[in-house]
Structures are given as structure tokens and as C-alpha cells.
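Student: Just dropping this structure here.
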Amino acid sequence: MSESQSRYSIVERLTQRKLDIMTAKSELKDKLKQKEQKIEEIRKDLANWSADIEEDIKRERRQKEREIENAQQEYENTSKVMSDRANSYDAKIDAIEDALKSIEDISRTSPTQ
């Protein structure tokens, strides 16, 4: 009977060892699958990041284009105001020159004391 128990315990130990090895092998496959999933997750993150960056660039480009348009409009408005003011100043200078000429004419024709 001892021989039978001995064989039984050898078979039991070998069976347990086989189960342990199969479990370890299965864990290897699980680890590999996890690594593969991690790669896919990182790839998706990269794709999302890339799309976000593209959207950010488009948004910033639109913002810069609006800034250019606003600056251009301000320039044109300022240019028009300056032109109008310059014309107004020219008219005032002409009026002053006319007044000075009139005073000069009056001074020439009037007798001095």
C-alpha cells in the first residue's frame, strides 16, 4: 500500500506542478495581452492628442486671422480719422492765411500814424 500511496503522491505532485505551470503560462498570455492593450491605449491617446493639437492650431489660426482683421480695420479707421483731421487742419491753416493776408492788405492801404 505504501507503493500505491507513493505513486499517488507522485501523481498528485506532478499534477499540481502541471497546473502551476499551466497557470504561469496563462499569466504570461494575460500579461502579453495587457501589454498589447496598453499599446492600443497609447495609440488612441496619441491619435486623440494629435486631433486636439490640430483643432488647437486651427482655433489659434482663426484667432490670429481675426486679430489681423481687427488691426487692419483699426488702421483703416485711424487712417480715415487722420485724413479727415488733416483736411480740417488744412482748412484752418487756409483760413488763418486768408485772415493774415487780409490784415496785411488792410495794413498796406491804411495810413499809419
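The values are calculated or read from the model by the stated rules, or taken from the named source; none is laboratory data. Just so we're clear, the structure is a prediction, and the values are computed from it rather than from any experiment. No Cβ is skipped: glycine too gets one built from the backbone with ideal geometry, and neighbour counts run over all protein chains shown.
For (1) of a type in the set (Ser, Thr, Tyr); (2) more than 39 Å from the chain's Cα centre (by Cα), each residue gets a yes or a no:
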site: 34; (1), (2): no, no
site: 55; (1), (2): no, no
site: 71; (1), (2): no, no
site: 87; (1), (2): no, yes
site: 96; (1), (2): no, yes
site: 99; (1), (2): no, yes
site: 103; (1), (2): no, yes
site: 109; (1), (2): yes, yes
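Student: Going through segment 1-22 one residue at a time, which ones are surrounded by fewer than 10 Cβ atoms within 10 Å (Cβ to Cβ) and at pLDDT 95 or above?
Tutor: none
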